[in-house]
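The structure appears right after this line, and notes come after that.
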Amino acid sequence: MFNFKTVQGFIVLIVTLFAVISGRVFPGYQLKFATVGDEDISGNNQAGETGRDLPRCLALQVLDRGKPVANIQVHFSILSEPVENSYPGNFRARLSDTVVYTDQLGIARTRLRLGSNTGEYLIKGETAGRELVFVIRGLKHRWYLGTVLEIIGGMAIFLFGLYYGAKGLRRLAGDRLRQVLFALIPNRLLGVLVGIIVTTIFQSSSATIGLLISLASSGLITAGQSLGVILGADIGTTITIQLLSFRIYEYALFAVAAGLLLMNSSWRMKDIGQVIFGFGLVFFSMKIVLSAVEPVKYLPQFQAFFRAGTMHPFYSFVLALVFTALVRSSAATIGMTVGLSFSGIIGLESAIPFLLGANVGSGVTALITAWNAKSEGRRVALAQLLFKLVTTLMVIPVIPPAIVLFSRTSPIVARQIANAHTLINIAATVIFLPLLGVIEKLLRVIIPEQADDEAGPRYLDTAALESPELALAQGTREILRMGEMVQNMLEKSLLFFLENDKEGCRWLASEDDRIDRLEEELMVFLSKIPPESQNPETSKRTRTLFYITEELEHIADIVSKNMVVYIRKRINHNLAFSAAGLEEIKVFHQQVLKNLAMALGCIATWDGKMAQQLVEKRVWGIERKRELQNRHLERLALGLKETLDTSSIHLDLISDLERINFHCTQIGAAIASVTGG
């Protein structure tokens, strides 16, 4: 008769015996990647060159209830390798030992020689029914040389992309951009907005700061007006990093291709295409650099460096500062940091010193840019450095709680780093914005006004040559200064003539020398504006400024050379003019002086209507000269002694004033031809 309880007891007995036997045959061992203390010596996740032994052994550790077990047999085998290794002419990976016994620390080691091809190698270690898989990366022979070249090439493309894209943008919208800056900069809050927008377009805060330095050095804005824009530029550069953290560089080649197509179309579309092409290169270069540094994560020295960076953040800070100063772009440094986080090489805590170092490095870059700038330009650069230094000093004491805050902004480390960069710069803007008035005064104390070289140019800055519109604005400002000097010469020349002033003769000669030097400097500066970076309108204006400079120099020559002769003749021969003749000269002189002032107004405003009105003064000048000559001849017919004695000087002086009037009208004609007045 079937006894259910007997069968049940038999099954329990069998299960118990199996458990006892399996426990003896397959003890409760645990396998783990070998460590000594806190150091991982397993060799897992390392890389090596194809056809060569791995730099480190593969090591696993056998434990029983957490304690090392010696003399345990471990089997190593190659689980998988690149399939190309099996092709004819190639060779497969090999293990130095496939059966190894653990030592007193429970560690079993073997060496692996990689096969012919790059890729992933999986090595299995097993014992007592337990197994552990090592992941190894095979790299090209001397892969590090290629990595270095790719990083250098990628950074070169990055810098070229920034330069090329910004150059196209300046040509496309430089004049409008400058007008927007002038309109909004006086309001510091709007200045922050301008800084954000301009830097987002330029993709570089260094480019924005460089533009501000040029404008300030040229006297077009003050350092105080630029402070809000600087803060906005610091926020604007974080947008580039945010885009990188979303891996937008994966689509960079689409932008490069689109930009290239547009560059081969019309002039206006060519500029737009250049902007898109340049910015596509910026993001594509980051993809190259990030791909190049991918193998580096397998190097134990590299891993040790970042561990040291976490323990000694000052080293990371200095490295980021120096690198940023060398490449002149904080976006490059922070972009690489974000890229390394994608590979798991760097975490948020390790990234913070790199962010701060890159920020301070951008301030150093500004100082380098402003090295030869005027006082106002150097104040702009110093403001950028002070903002960065003070921000860093404020962040350092609160790094631990800040890391907690940043880590909560996203589960992705790259996004955490980008968000940290953004939040730090926004916080700095909020803190500094109410203090900009105090900061402006501090800048003026640190960098006092320097004495200008009166004989040299005051507003020309070679850094502005990359932007034709800005260079033309500086050239125009310097020409106006030259025109004011000529105007002053013409105004005083008659006074010196009436008072027989010998010292006045020397002053006129020295002023003419200054104007000659200014003309030379202006001609050189305007000739350096790259023709290929100018559109048809700016090209016309450049040629017009050349012409205007020559006309002003001609007026200065007439005043300095001819008036000096007339003054000396009058002194040497003790000549006296008739009252009527002298009054006619005074009136004609004042009328010509007004026309010169009108010419300077045309230069300042490029007002086509005013320029056309000035052109019409040409006929008036000729008629006025004839009228005064006829009156002089009438006085000669009367036999007046004063008229007879001063006849040649009187007629020459009237002719010279008419020639000056002619050069004034030529300035008007040049401007009218450009403006269509």
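Of note:
- Listing of helices (runs of 4 or more DSSP H) fully contained in the range 196-302 that carry 1 or more residues being under 30 Å from SER42 (Cβ atoms): 267-293
Yes/no matrix, rows are residues, columns are (1) surrounded by fewer than 20 Cβ atoms within 10 Å (Cβ to Cβ); (2) touching a residue at least 24 places away in the same chain (Cβ under 8 Å):
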{"site": "HIS554", "(1), (2)": "yes, yes"}
{"site": "ASN572", "(1), (2)": "yes, no"}
{"site": "VAL592", "(1), (2)": "no, yes"}
{"site": "ILE622", "(1), (2)": "yes, yes"}
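- Residues that are among the aliphatic types (A, V, I, L, M) and surrounded by fewer than 22 Cβ atoms within 10 Å (Cβ to Cβ), drawn from the range 111-122: LEU122
- Contact annotation: residue pairs with Cβ atoms under 6 Å, 6 or more positions apart or on different chains, pairing a residue in the range 33-58 that is assigned by TED's automatic domain parsing to the domain that holds GLY89 and on the phi > 0 side of the Ramachandran plot with a partner that is part of a loop (DSSP other than H, G, I, E, B) and surrounded by 15 or more Cβ atoms within 10 Å (Cβ to Cβ), are GLY43/ARG56; GLY43/CYS57.
- Only one entry of GLU511, GLU532 meets the criterion of being modelled with pLDDT under 90 and part of a helix (DSSP H, G or I), and that entry is GLU532.
- In the set (1) in contact with a helix residue (DSSP H, G or I) (Cβ under 7 Å, 6 or more places away or on another chain); (2) within 30 Å of PRO457 (Cβ to Cβ); (3) in a helix (DSSP H, G or I), ARG378 fails one condition alone, (1).
- Pairs with Cβ under 6 Å, 6+ apart, first in the range 124-136 and in the same structural domain as LEU112 (by TED's automatic domain parsing) and hydroxyl-bearing (Ser, Thr, Tyr), second in a strand (DSSP E or B) and buried (at least 17 other Cβ atoms within 10 Å of the Cβ): THR127/VAL74
- Of the numbered criteria (1) surrounded by fewer than 24 Cβ atoms within 10 Å (Cβ to Cβ); (2) more than 23 Å from LEU326 (Cα to Cα), the one ALA223 fails is (1).
- Filter result for ALA455 (in a helix (DSSP H, G or I), at pLDDT below 85, closer than 30 Å to TRP606 by Cβ and not aromatic (Phe, Trp, Tyr)): no
Residue by residue, here is whether (1) among the aromatic types (Phe, Trp, Tyr); (2) in a helix (DSSP H, G or I); (3) at pLDDT below 90; (4) surrounded by fewer than 20 Cβ atoms within 10 Å (Cβ to Cβ) holds:
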site: PHE577; (1), (2), (3), (4): yes, no, yes, no
site: GLY581; (1), (2), (3), (4): no, yes, yes, no
site: ALA599; (1), (2), (3), (4): no, yes, no, no
site: CYS602; (1), (2), (3), (4): no, yes, no, no
site: ARG631; (1), (2), (3), (4): no, yes, yes, yes
site: SER655; (1), (2), (3), (4): no, yes, no, yes
site: ILE671; (1), (2), (3), (4): no, yes, no, no
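- Qualifying positions in the range 316-351 - in contact (Cβ under 8 Å) with a residue 12 or more places away in the chain and more than 23 Å from TYR249 (Cα to Cα): SER316, PHE317, VAL318, LEU319, LEU321, VAL322, ALA325, GLU349, SER350
- ILE417 surrounded by 20 or more Cβ atoms within 10 Å (Cβ to Cβ), aliphatic (A, V, I, L, M) and assigned by TED's automatic domain parsing to the domain that holds VAL327: yes
- LEU435 meets the conditions (1) modelled with pLDDT of 90 or more; (2) touching a helix residue (DSSP H, G or I) at 6+ places or on another chain (Cβ under 7 Å) in every case but one. The failed one is (2).
- Residue, farthest from SER285 (Cα to Cα), within the range 116-149, restricted to residues that are of a type outside the set (Val, Ile, Thr) and more than 46 Å from the chain's Cα centre (by Cα): ALA128
- Counted residues, the range 635-649 - those being assigned to a helix (DSSP H, G or I) and either at pLDDT 80 or above or out of contact with any helix residue (DSSP H, G or I) (no Cβ under 9 Å at 6 or more places or on another chain) (or both): 4
- Picking from residues in the range 123-136 that are modelled with pLDDT of 90 or more and crowded, with 18+ Cβ neighbours inside 10 Å, the one that is farthest from GLY106 (Cα to Cα) is ILE136.
The values are calculated or read from the model by the stated rules, or taken from the named source; none is laboratory data. Everything numeric here is computed off the predicted structure, so don't read it as measured data. Note that each Cβ is placed from the backbone with ideal geometry, even for glycine, and that neighbours are counted across all protein chains shown.
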